[in-house]
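Some notes on the structure that comes next.
The values are calculated or read from the model by the stated rules, or taken from the named source; none is laboratory data. Here the structure is a predicted model, which means the values were calculated and not measured. Here the Cβ is made from the backbone with ideal geometry for all residues, glycine too, and neighbour counts use every protein chain on show.
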Amino acid sequence: MTDKQPIVVMKGITIEFPGVKALDGVDLRLFPGEVHALMGENGAGKSTMIKALTGVYKINAGTIVVDGKPQQFNGTLDAQNAGIATVYQEVNLCTNLTVGENVMLGHEVRGPLGINWKKTHEAAKQYLAQMGLENIDPRTPLSSISIAMQQLVAIARAMVIDAKVLILDEPTSSLDANEVQDLYKIMRKVRDSGVAILFVSHFLDQIYEICDRMTILRNGRFIKEVMVKDTPRNELIGMMIGKSAEELSQIGAKKARRAVDAGEKPIVSIKQLGKKGTINPVDLDIYGGEVVGFAGLLGSGRTELGRLLYGADKPDAGGSYELKGKTVSISDPYTALKNKIAYSTENRRDEGIIGDLTVRQNMLIALQATRGMLKPIPKKEADEIVAKYMKELNVQPPDPDRPIKNLSGGNQQKVLIGRWLATHPDLLILDEPTRGIDIGAKAEIQQVVLDLAEQGMGVVFISSELEEVVRLSDNIEVLKDRHKIAEIENGDTVSQQTIVDTISNTTISTGKEA
Amino acid sequence: MTTATRKAAKATKATKGFSFNPQMIPTITAVVIFILMLVMGQALFGTYARLGFFSSLFVDHAYLIILAVAMTLPILTGGIDLSVGAIVAITSVVGVKMTMAGVPAFVAIIVMLLLGVVFGLLAGVLIEEFNMQPFIATLSTMFLARGIASMISTDSLTLPEGNNFDFISQDIKIIDRPKISHDLTINVGVIIAVLVVIFGYILLHKTRTGRTIYAIGGSRSSAELMGLPAKRTNYIIYLVSGTLAALASVVYTANVGSAKNTVGVGWELDAISSVVIGGTLITGGFGYVLGSVIGALVRSIIDPLTSDFGVPAEWTTIVVGAMILIFVVLQRAVTALSGDKK
Amino acid sequence: MADTKKKAGNPIIKKLLGSNLTWSVVALLVLIVICTVFSDGFLSLRWNDNTGGLAGPLITVLQESARYLMIATGMTLVISTAGIDLSVGSVMAVSGAAAMQLLVSGVNVWAAILLSLLIGLAIGCFNGMLVSVLGLQPFITTLIMMLAGRGLAKVITSGENTDAGSVAGNGPLKWMANGFILGIPANFIIALVIVAIVALICRKTAMGMMIESVGINPEASRMTGIKPRKILFLVYAISGLLAAVAGLFATASVMRVDISKTGQDLEMYAILAVVIGGTSLLGGKFSLAGSALGAVIIAMIRKTIITLGIDSAATPAFFAIVVIVICVMQAPKIHNLGAEIKRKRALKEQAKAVAA
Amino acid sequence: GSSNGDAADNGSSDSGKKTVGFVAVGPEGGFRSANEKDIQNAFKDAGFDLIYSPTSNSDQSKQIQAFNKFVNDEVDAIILSSTEDSGWDDSLKKAAEAEIPVFTVDRNVDVKDAEAKKAIVSHIGPSNEWCGQQAAEFLNEQYPDGANGIILEGIAGLSVVKDRQTGFDSKIASNQKVLESQSANWSTDEAKTVTAGLLDKYKSEGIKWIWAQNDEMALGAAQAVDAAGLKGQVTIIGNDGTEAALQAVADGDLAFDIEYNPIFGKETAQAVKDYLDGKDVEANIEIDSKTFTKEEAQAALDSGERQY
Ligand SMILES: Nc1ncnc2c1ncn2[C@@H]1O[C@H](COP(=O)(O)OP(=O)(O)OP(=O)(O)O)[C@@H](O)[C@H]1O
Ligand SMILES: Nc1ncnc2c1ncn2[C@@H]1O[C@H](COP(=O)(O)OP(=O)(O)OP(=O)(O)O)[C@@H](O)[C@H]1O
Ligand SMILES: [Mg+2]
Ligand SMILES: [Mg+2]
């Protein structure tokens, strides 16, 4: 069909894990100078396919041909040497090293006396600049930058290897509009230099904007390879989820803040609650039955505010925290949970899942913790809870007894949301809950959020996708550089643009950095 | 442009407070406390500032310094090498046996080093090929080495007269005063130790292998997914620690001029405490060779201090323990106060 | 997923081959067989009237394994939190020394037992305090305790190897280590019961899960409302207490404490037992049954050494080789060998097919 | 050099009080504790200022470090209770250069270097070979026409073990059959396990005697024999003459115990004192030890003179 010769040809790839056939005879072709999208629901097998190519997983059947040579890589290093640079789904960097070291690891600039750190850091700075991180000092410890920034660092790292094939597994999941644009710039540049790019994303807009060709997977099976330009969305969605697009309801109309009747106490009311270095003192009221969105750019402090509300970080003195009218001190997550406040982290791998425990245990553990170590949840009750959320959130595979680390990224996220719902909180803080979630599941989760609010739960909804925030929230808190700069009541007049303008037009009066 | 401003803000925030590397704090503390200990010793007993004291501090502990460097590498990756003490035993027994049989010293020394390589390699294979955990793998090689050593001989073997091991232990008097206690003396052993320290520093901070070691310490799986040669590096680490252990054995054997299957019992623990006292995290990822050296010196002056304090016999180990405890607690306190996370 | 059910080979067999327990059992049996081959009387059991119990090589193995069972159990919990307790050997010496010294100084035997257990518990709590509250590294903390503990034992007996063999009324303690229940060594049964209790508490309450979760991902655990500090403190306390029990077993069997030898190097054996039992030193999932089995294997190895009359010089080497063999057998590489070969062959076939 | 002034005066201030460095093994119970306590007390009584420096798990390197430290401290004399008989040349040379007299106790050290030899004034202690010989001779007369036996050794490779073994081998009659020698690492409790094992293993041959190289192990062996119901049928010999062992001999649990007399603090202190006062001192002061049969043991216990 095309004159070009594919640089990577994977045929009939099959991978079995104990109990799962993650991939079943999947084909994939990557062409130089093309951006190729790998499409599929959570658990479809995208990441597995990538790991099959780079040899992280051993294939049970199939052939891999790179540059005309049959290949059987064993490990990223091998693949790299063959010119395949990969950014895996979960951020894989070393938090004990600096940003610069992470970018350059294994490619440090060497002089006669071994590594030349000056040159190395300069090089790192350039690669970071490419990602729009020009102002990050390469000597900053990686642990001190947010997970989103870390994702950018990981991509910068991939640029260091001048590769023939560049693989990006959900690089945009935690980026906001600006970062995504920066990323496109680079992808285009790289593509035009004749590199083949494999791109995974759950944002159809992104696919249609940047990709030329796509391969669709479903339940570990190969569905079809098509050109993007001649595939309408709903056809694509149809192929991905196996039912027609129409069945995906468009959730949440524009909502106006529900009228608060006089004398109604907010679930949570904070005054001047802040933490030096991460978030300046904030006033905030959250009422039952409303969805409060936190909008802001990367590093604006949304996560930090959420963590404060949950007691994950200790707030500085001087702030006040009221729960349903009575002053409390939420000193740690345990007290927060006891007071029916739950927080779902944005950093799934490090602060969310407990990898070796089963899905079941991961779902129950928070509830268990609130009940106390010595009062185990009765088996019957436990079974009910697990069954309920496995079904409601449609966790794949529907087997609660596998280690959660073996689930696909998106499904892990669902399990975690189940964990927090199981504690029946009055206030549920969701930090990037739809990160890495496929369109079907995203709709489900958004629906869940609205239903919860309906039932009178207060929900804080933190997301880098303004569109989502605007669509779901009754009330939007806008943050910038770790200050709360505005509180916008949602309504017909409010649009994404409103938020963007607010952010760019506000200059923080106090000026001083938190 | 929002991008720019926003990130400018981040950057400044990020750099602020990291103007110097917080990972160094434990090591710096170690140095300070070490000096304090010396001052205290001098003030109370008046012998801790003598050149002779420093001479024997280094001459008698050259082997421990080498072992500390050897131990630093595995610990930085979150591993450990319990076999160093036993490797000292077997290499010294073999080495001395050979010289007694008339083999020229330098051949014996080479064989000793090769033995170290072999045991390092064995550990590497067990860890990488049969994913045994370093602790267990090296515990086994420790038993193995010690066992073979005592199978070879349980006598205390003495180096024959005029063997050329002597050159290592020959005193080099830098300052020669009438009283030996005021001489400043070193020997080749000390020089070897210094070279080993330099080697360790270069390996860790000037080579990619060194950086990979830190990366593995941060997260082995990440290191692998980042395309770093984790496996090869781990082999290198245990090869090096095994070989350095053998080198330590050469130095020690030369000093005492004899060998014994029971030599080096518990030295691995001394080495580990030295490394930890020096501020290296036992879970890996953070630490410095120079820290380990300081650690070794601290570990070395704890014993003399204890005996000078005239601690009653039964209490000695308690006091030694207490001293190390106070040390790590102080270190921990300083680190915590200087506000690093967790 | 794509047809989850369809799997190659019999799942049960697969599972069995996969599990460490199986390989431990195999190892144990092999050792027993070896011993029986070398000394025919090895499996013989006879009734011994003046001890009022069964006698024979296997019985002594059970008797010795009791102490390993204790420390291995405590060690399992500690290791599951990604920690380590090097002080168990010294704690054994301390509690043993305390018990003997108290007996000699005329304290009632039960009081002596209780007190020495409390001392063990106290040391455990101290470890726990340092690790959880001060956040010191487990390895160095317990290493310090290992040093100090020995000293404490020496202080308690003022440097003597106190012998309470001739103290009147030391019966109960003596029985603990030498007595028999229905012909089976009492200390072994006591140990089993204790292990069972710990296992029950771990699995019937949420303790086990929480310990594992702290070991796997402390930060995530904190975010789910677990208090990692509490858990850490708890496991070290338990380890200390169980080590004290082991100390009683070790000293009561001869009614004499050996301040420099009692419990020496036993921390290493405990750790070996735990690992042989299939718990990773990196923390996380633990198996008390596995560790128990590991403990018995350790005792069996030592027995084998005696039975084969291995020259004392060669003992460590023999020990090492057995351990290495067991661990290598447990390596996935080995028991996935079959599957791996099949996979390789399949791919070869394909390659040919493609080529053709 | 050494300041002069009568060491007998009980100057609480260090003025005129002579300092002696004691390179020791450490309180490891049994013989060791008794011996080191006695030495420490003896020197205190003799008006010396004794700095005690033990090692851990008989590690020679720590002893060498302590020794060299004493040289730097310019103590007036060094008492060396070494864990190893070799490896002391360099340190002794230093001592010689600093003119610090060295007195070896318990274990003699063999020195090649002539310089180093000068440093050693005298050796004080009982003989290990003698102990081994006593055990052998007792067995020979117990079983004139031979019998099967086993030996419980100390930690493999220590020179005590070798010396006692040499002594034993030099005297034991050819008709005595040693079925097996196993190490029980000086430990009562290990000795019990090992002995139990060997009793099972050699049930057919029948074990008539057990020679344990120290009392700790002898007591362990006795318990194993008792548990196996063979009490009285096996001749067990211990070594060291600790109180517990004598008690056991008196009770008939052990047949014979050989003393390795730890009480020579006085003699040592005297030797040091004489030397520092310029008198000359014997190069080898052998401390004689006793042996104990049932009666002798009982007598010794009744006399109440045993300090350990
Ligand atoms: N190591 C593993 N062991 C067992 N099963 C696994 C393992 N890794 C992945 N799987 C299974 O393979 C299937 C595909 O997972 P994969 O991560 O490829 O999905 P994905 O397409 O990347 O989904 P997402 O969009 O959420 O990342 C999932 O059902 C998952 O449970
Ligand atoms: N683990 C952390 N340790 C220290 N500082 C952090 C950490 N995570 C984030 N920060 C810093 O705190 C500030 C706010 O980061 P945060 O992640 O809350 O931004 P955000 O608004 O949540 O955006 P996003 O969640 O999309 O990253 C940023 O400057 C970031 O560098
Ligand atoms: Mg994925
Ligand atoms: Mg965030």
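Filter the stretch B:241-292 down to the residues that are part of a helix (DSSP H, G or I) and within 21 Å of B:Pro160 (Cα to Cα) and list them by number.
Step one: of the stretch B:241-292, the residues part of a helix (DSSP H, G or I) are B:241-256, B:267-277, B:289-292.
B:Ala246, B:Leu247, B:Ala248, B:Ser249, B:Val250, B:Val251, B:Tyr252, B:Thr253, B:Ala254, B:Asn255, B:Val256, listed by residue number.
Tell me which helices (runs of 4 or more DSSP H) are completely within the stretch B:138-231 and hold 2 or more residues being touching a residue at least 24 places away in the same chain (Cβ under 8 Å), closer than 30 Å to A:Ile50 by Cα and within 14 Å of chain C (Cβ to nearest Cβ), or say none if there are none. Before you say what the answer is, go through the steps one by one.
Details: elements: B:166-169, B:188-206, B:208-218, B:220-225.
Correct list: B:208-218.
Could you say which residue among A:Lys11, A:Lys4 is more than 15 Å from ligand 1 (Cβ to nearest atom), in a strand (DSSP E or B) and surrounded by fewer than 20 Cβ atoms within 10 Å (Cβ to Cβ)? Can you show your working first?
On the way: A:Lys4 fails: in a strand (DSSP E or B).
When all the criteria are applied, what remains is A:Lys11.
What is the residue count in the stretch B:60-71 for residues that are within 14 Å of D:Gln63 (Cα to Cα) and of a type outside the set (D, E, K, R)?
Let us first name the residues in the stretch B:60-71 that are within 14 Å of D:Gln63 (Cα to Cα), namely B:60-61.
From the residues that got through so far, the ones that are of a type outside the set (D, E, K, R) too are B:61.
Count: 1.
Within the stretch A:438-460, is even one residue away from chain C (no Cβ under 14 Å), within 16 Å of ligand 2 (Cβ to nearest atom) and outside any loop (DSSP other than H, G, I, E, B)? Before you say what the answer is, go through the steps one by one.
Taking the stretch A:438-460 first, the residues away from chain C (no Cβ under 14 Å) are A:438-460.
Next cut, within 16 Å of ligand 2 (Cβ to nearest atom) only: A:460.
Narrowing the set further to residues that are outside any loop (DSSP other than H, G, I, E, B) leaves A:460.
Checked the stretch A:438-460: at least one residue is away from chain C (no Cβ under 14 Å), within 16 Å of ligand 2 (Cβ to nearest atom) and outside any loop (DSSP other than H, G, I, E, B).
This table checks each residue for (1) within 16 Å of ligand 3 (Cβ to nearest atom); (2) outside the structural domain of A:Val91 (by TED's automatic domain parsing); (3) more than 21 Å from A:Ile341 (Cβ to Cβ).
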position: A:Pro378; (1), (2), (3): no, yes, yes
position: A:Asn394; (1), (2), (3): no, yes, yes
position: A:Leu407; (1), (2), (3): yes, yes, yes
position: A:Val415; (1), (2), (3): yes, yes, no
position: A:Gly436; (1), (2), (3): yes, yes, yes
position: A:Gln447; (1), (2), (3): no, yes, yes
position: A:Asp451; (1), (2), (3): no, yes, no
position: A:Glu454; (1), (2), (3): no, yes, no
position: A:Glu465; (1), (2), (3): no, yes, yes
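Are any residues in the stretch D:188-219 facing chain C (nearest Cβ under 10 Å) and of a type in the set (Asp, Glu), and if so, which ones?
Within the stretch D:188-219, D:Asp189, D:Glu190, D:Asp200, D:Asp215, D:Glu216 meet the criteria.
Please work out if A:Ala177 is surrounded by fewer than 18 Cβ atoms within 10 Å (Cβ to Cβ), within 16 Å of ligand 4 (Cβ to nearest atom) and either without any contact (Cβ under 8 Å) to a residue 60 or more places away in the chain or within 16 Å of the chain's Cα centre (by Cα) (or both). Outline the logic, then answer.
Working: surrounded by fewer than 18 Cβ atoms within 10 Å (Cβ to Cβ): yes; within 16 Å of ligand 4 (Cβ to nearest atom): yes; either without any contact (Cβ under 8 Å) to a residue 60 or more places away in the chain or within 16 Å of the chain's Cα centre (by Cα) (or both): yes.
Taking the combined requirement at face value, the residue satisfies it.
If I ask for residues that are among the small types (Gly, Ala, Ser) and surrounded by fewer than 24 Cβ atoms within 10 Å (Cβ to Cβ), which ones from the stretch B:80-107 would you list?
So the first thing to find is which residues in the stretch B:80-107 are among the small types (Gly, Ala, Ser), and the list is B:83, B:85-86, B:89, B:92, B:95, B:101-102, B:105.
The answer is B:Ala101, B:Gly102, B:Ala105.
What residue, among those in the stretch A:339-395 that are within 12 Å of chain C (Cβ to nearest Cβ), of a type in the set (Val, Ile, Thr) and in a helix (DSSP H, G or I), is nearest to C:Ser213 (Cα to Cα)?
A:Ile365
Cβ-Cβ distance below 7 Å, separation of 6 or more or different chains: which pairs start in the stretch A:138-155 with a residue that is touching a residue at least 24 places away in the same chain (Cβ under 8 Å) and assigned to a helix (DSSP H, G or I) and end on one that is acidic (Asp, Glu) and within 14 Å of ligand 4 (Cβ to nearest atom)?
From residues that are touching a residue at least 24 places away in the same chain (Cβ under 8 Å) and assigned to a helix (DSSP H, G or I), the pairs are A:Ile147/A:Glu346; A:Leu152/A:Glu179.
Within the stretch A:297-335, take every residue that is out of contact with any helix residue (DSSP H, G or I) (no Cβ under 8 Å at 6 or more places or on another chain), within 13 Å of chain C (Cβ to nearest Cβ) and of a type in the set (Gly, Ala, Ser) and give me the one that is farthest from ligand 1 (Cβ to nearest atom).
For the stretch A:297-335, the residue satisfying everything is A:Ser331.
Condition test on C:Phe42, is it surrounded by fewer than 17 Cβ atoms within 10 Å (Cβ to Cβ) and over 14 Å from C:Ile194 (Cα atoms)? If you could, list the steps in order and put the result at the bottom.
Working: surrounded by fewer than 17 Cβ atoms within 10 Å (Cβ to Cβ): no; over 14 Å from C:Ile194 (Cα atoms): yes.
Against the criterion (surrounded by fewer than 17 Cβ atoms within 10 Å (Cβ to Cβ) and over 14 Å from C:Ile194 (Cα atoms)), C:Phe42 does not qualify.
Give the residue, chosen from A:Leu128, A:Leu166, that is more than 16 Å from ligand 4 (Cβ to nearest atom), farther than 24 Å from A:Leu204 by Cβ and more than 8 Å from every other protein chain (Cβ to nearest Cβ).
The unique qualifying residue is A:Leu128.
Can you find a residue in the stretch A:189-209 that is within 16 Å of ligand 4 (Cβ to nearest atom), more than 14 Å from chain C (Cβ to nearest Cβ), at pLDDT below 90 and within 17 Å of A:Val87 (Cβ to Cβ)?
Of the residues in the stretch A:189-209, the ones within 16 Å of ligand 4 (Cβ to nearest atom) are none.
No, the stretch A:189-209 has no match at all.
Taking C:Phe233, is it under 18 Å from C:Ala82 (Cα atoms), more than 14 Å from chain B (Cβ to nearest Cβ) and not aliphatic (A, V, I, L, M)? Give the derivation first.
On the way: under 18 Å from C:Ala82 (Cα atoms): yes; more than 14 Å from chain B (Cβ to nearest Cβ): yes; not aliphatic (A, V, I, L, M): yes.
So C:Phe233 fits the description; yes.
Specify the residue that is farthest from the other protein chains (Cβ to nearest Cβ); the eligible residues are those in the stretch D:104-123 that are crowded, with 24+ Cβ neighbours inside 10 Å and over 21 Å from D:Gln165 (Cα atoms). Can you show your working first?
First, the residues of the stretch D:104-123 that are crowded, with 24+ Cβ neighbours inside 10 Å: D:104-106, D:119.
Those left that are additionally over 21 Å from D:Gln165 (Cα atoms): D:104, D:119.
Values: D:Thr104: 15, D:Ala119: 12 Å.
Ranking the qualifying residues of the stretch D:104-123, first place goes to D:Thr104.
Among the numbered conditions (1) within 13 Å of ligand 2 (Cβ to nearest atom); (2) assigned to a loop (DSSP other than H, G, I, E, B), tell me where A:Leu308 comes up short.
Of (1) within 13 Å of ligand 2 (Cβ to nearest atom); (2) assigned to a loop (DSSP other than H, G, I, E, B), only one is false for A:Leu308: (2).
Identify all residues within the stretch C:151-166 that are at the interface with another protein chain (Cβ under 7 Å from one of its Cβ atoms) and more than 14 Å from D:Arg32 (Cβ to Cβ); write none if there are none. So that I can check it myself, show each step before the final result.
Here is the first cut: in the stretch C:151-166, the ones at the interface with another protein chain (Cβ under 7 Å from one of its Cβ atoms) are C:151-152, C:154-155, C:158-161, C:163, C:166.
Correct list: C:Gly151, C:Leu152, C:Val155, C:Asp163, C:Ser166.
Could you figure out which of (1) within 16 Å of ligand 1 (Cβ to nearest atom); (2) surrounded by fewer than 22 Cβ atoms within 10 Å (Cβ to Cβ); (3) over 25 Å from the mean Cα position of the chain (by Cα) isn't true of A:Ile59?
(2)
Looking only at residues that are among the hydroxyl-bearing types (Ser, Thr, Tyr) and in a loop (DSSP other than H, G, I, E, B) in the stretch A:286-305, which one is nearest to A:Pro266 (Cα to Cα)?
A:Tyr287
When you go through A:Ala82, A:Ala37, A:Ala61, A:Ala44 one by one, which is the residue that is assigned by TED's automatic domain parsing to the domain that holds A:Met214, away from ligand 4 (no atom under 16 Å from the Cβ) and farther than 27 Å from A:Gln396 by Cα? Reasoning before the result, please.
On the way: A:Ala37 fails: farther than 27 Å from A:Gln396 by Cα; A:Ala61 fails: farther than 27 Å from A:Gln396 by Cα; A:Ala44 fails: farther than 27 Å from A:Gln396 by Cα.
Unique residue meeting the criteria: A:Ala82.
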